[in-house]
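The values are calculated or read from the model by the stated rules, or taken from the named source; none is laboratory data. Keep in mind that this is a model prediction, so the values were computed, not measured. Glycine also receives a Cβ, built like all others from the backbone with ideal geometry; neighbour counts cover every protein chain displayed.
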Amino acid sequence: MAEAQNLPVGSTTAGSVAVAAESTVATRMSAPPSFDVADFPVPHGREEEWRFTPLDRLKGLHDGTAKADGALKAEIDAPEGVTVESVGRDDKRIGKAGTPVDRIAAQAFSSFEKATVVSVPKEQVLDQPVRVTLHGEGGTTFGHTVFDIGAFAEAVIVIDHTGDAVRAANVDFIVGDGAKVTVVSVQDWDDTAVHVSQHNALVGRDASFKSVVVTFGGDVVRIHPRVNYAGPGGEAELLGLYFTDAGQHQEHRLLVDHNVPHCKSNVVYKGALQGDDAHAVWIGDVLIEAAAEGTDTYEMNRNLVLTDGARVDSVPNLEIETGEIVGAGHASATGRFDDEQLFYLMARGIPQVEARRLVVRGFFAELVQQIGVKDIEERLIAKIETELEATV
Amino acid sequence: MATLEIRDLHVTVEADNATKEILKGVDLTVKQGETHAIMGPNGSGKSTLAYSLAGHPKYTITSGSVTLDGEDVLEMEVDERARAGVFLAMQYPVEVPGVSVSNFLRTSATAVRGEAPKLRTWVKEVKEAMERLNMDPSFAERNVNEGFSGGEKKRHEILQLELLKPKIAILDETDSGLDVDALRIVSEGINRVREGGEVGTLLVTHYTRILRYIKPDYVHVFAGGRIVESGGAELADQLEAEGYDKYVKGGATA
């Protein structure tokens, strides 16, 4: 089911469909999930979960040398009815949606001082997004944020990351039964920033969760969105968009764990790369456990390589422990901006720069339209334009 | 009056780690209002001529010249040639995923005309041009050439021809793969553009079939990378009856 087309030099696409009694997704991690950083060995870089990541650029987040010496300006704009609390790590909502799966996530958990809990009461339908603005003012910070969305509530959450920071964080989404949540996380950091974050979503019965991860900035960004289901009938849509420039490392690792019956998941990540040593990594793990009959899942990653010198590693991985499912598939393709496409457009009088812009805009347009948050869509289109202007 | 002059054009292509000469001295003059049919067997180089004129990077010009009203076409980038008035209707137009036909046409018209067409008149212009080519309005919202049938691709090429109004139209095997109805519709489109008298047309074809709809002023037989015989429309009738055998076996491809 994996397809790989038009592979340019410097890209890899690997895919696998495994039918296994024991999960290799779990076993190929260096250590089982834990809230304690001491349970994880310091990575040396050859581990499966670290082999694509430039450890030497993580500013010590991975080996315990990073100290919480920085400042991050956080602003939360919450519509009426939404509560924002600052709590200690003994609060029982913390960690409910998921447990750190690697050393940096555990480091973040072990190091944060106060966690923020944003709650939307049950049945509350928000007519304005919850906006969280995190602006790095230099140095290292650790964070933990929980979004607790009550049953049948509806909310849009926008988390914006800007400025300069070394940031390790966990972000939890507890999605109540029948709730509808859209989360947009924008990584628009300065080019010096390092950002490693695990997103844990626990999707309630008949709830729907849409995650949109948008990465433009940063020196190293590694985001790890994970989905678990608390009951049948849940739906998760994980959308991602990245624009990787020269020297940047942008890594998105996804896991959808179908552990209960009759849930859906759909993963679509698209990225464009340009410039020397631009490196994008996409890991898409989907598990269909033996109990998860009636699962319907699809994951796709597409990359558009605009210049020489960029590298993509794309690894979809689907593990199926029951055959009683509606559908399961994955696709990964990395293509170069095609000379024939360029010729066709230029032969119609369209200058090269404009032709490139037309194609990239087209590549992302369909995905952007699926976000469903108007001002974010407009901002992304504008941002893509800016990135393209920097191209030539 | 617009004139395309091709003089002693030699073109090579890289294939299998070797350089192969495809065009071996082409001479041709196409004036505004004239229609020239370039006919020849497969592999004679006639499509290479078409793509070389448009500036496809695969082909290397080793000698000769091409001018449009005295301007050196070979010095121009692909997009500059198009803006100077050279249009190539392609035999195999490529898919451009994510780019809608309407967006593509408007971007192209803006580039070629030097300013964005006024939205209201533009919408009407496109709608009418599409109606003339029997194209459903929903076509405009599809992605360029994506999932188009052979006939749809060719209609889309001729739609662009009608909207961009070039000085020189090079039509590469526009008739290939079309059924009789589609051939008629496409030919009528080409004739509408020709009737304006503003365009010089270079009709590259393997078959004489399209010449029943489009009457050429000149017919050139292309073999072995150059023009081996030129005549009027009657030369096409002769090719229809006798085929290309005499040009191929006569050693012109050697």
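General observations
- In the condition set (1) at negative phi; (2) part of a strand (DSSP E or B), A:G138 is compliant with all but (1).
- With respect to (1) under 17 Å from B:I170 (Cα atoms); (2) surrounded by 20 or more Cβ atoms within 10 Å (Cβ to Cβ), the lone exception for B:N191 is condition (2).
- Test: A:V305 is away from chain B (no Cβ under 14 Å), in contact (Cβ under 8 Å) with a residue 40 or more places away in the chain, among the β-branched types (V, I, T) and in contact with a Pro (Cβ under 8 Å, 6 or more places away or on another chain): yes
- Matching entry among A:G294, A:G335, A:G309 (being farther than 27 Å from B:I170 by Cα and modelled with pLDDT of 95 or more): A:G294
- Failed item, numbered, when B:Y213 is tested on (1) farther than 19 Å from B:S47 by Cα; (2) crowded, with 22+ Cβ neighbours inside 10 Å: (2)
- Put simply, of A:V268, A:V305, A:V260 the only residue that is β-branched (V, I, T) and in contact with a Lys or Arg (Cβ under 6 Å, 6 or more places away or on another chain) is A:V305.
- Whichever residue in the range B:75-112 is without any contact (Cβ under 8 Å) to a residue 24 or more places away in the chain and either among the β-branched types (V, I, T) or surrounded by 15 or more Cβ atoms within 10 Å (Cβ to Cβ) (or both) and, among such residues, is nearest to the other protein chains (Cβ to nearest Cβ): B:T107
- Members of the range A:170-194 found to be assigned to a strand (DSSP E or B) and either more than 19 Å from A:G240 (Cα to Cα) or of a type outside the set (A, V, I, L, M, F, W, C) (or both), listed by number: A:N170, A:D172, A:I174, A:V175, A:K180, A:T182, A:S185, A:Q187
- Checked against the criterion of being closer than 21 Å to A:T297 by Cα and either assigned to a strand (DSSP E or B) or in contact with a strand residue (DSSP E or B) (Cβ under 7 Å, 6 or more places away or on another chain) (or both), the candidates A:S197, A:S211 yield just one match: A:S211.
- Residues considered: A:V156, A:V120. Of these, the only one that is farther than 22 Å from A:R57 by Cβ, buried (at least 23 other Cβ atoms within 10 Å of the Cβ) and modelled with pLDDT of 95 or more is A:V120.
- The combined condition, being surrounded by fewer than 21 Cβ atoms within 10 Å (Cβ to Cβ), without any contact (Cβ under 8 Å) to a residue 60 or more places away in the chain and in contact with a Leu (Cβ under 8 Å, 6 or more places away or on another chain), is not fulfilled by B:T60.
- The listed residues are B:E173, B:E115, B:E125, B:E146, and the only one of them that is touching a residue at least 24 places away in the same chain (Cβ under 8 Å) and either of a type in the set (S, T, Y) or within 14 Å of another protein chain (Cβ to nearest Cβ) (or both) turns out to be B:E146.
- Residue count, the range A:192-212 (criterion: within 9 Å of the chain's Cα centre (by Cα) and more than 17 Å from A:A155 (Cβ to Cβ)): 2
- Residue list for the range A:181-237, filter: in contact with a Lys or Arg (Cβ under 6 Å, 6 or more places away or on another chain), crowded, with 22+ Cβ neighbours inside 10 Å and without any contact (Cβ under 8 Å) to a residue 60 or more places away in the chain: A:H195
- Among the residues of the range A:71-108, the ones that are surrounded by fewer than 18 Cβ atoms within 10 Å (Cβ to Cβ) and in contact (Cβ under 8 Å) with a residue 24 or more places away in the chain come to 19 in all.
- When restricted to residues that are within 14 Å of chain B (Cβ to nearest Cβ) and more than 20 Å from the chain's Cα centre (by Cα), the range A:344-384 contains 19.
- Any chance B:Q160 is part of a helix (DSSP H, G or I) and either more than 14 Å from chain A (Cβ to nearest Cβ) or touching a residue at least 24 places away in the same chain (Cβ under 8 Å) (or both): yes
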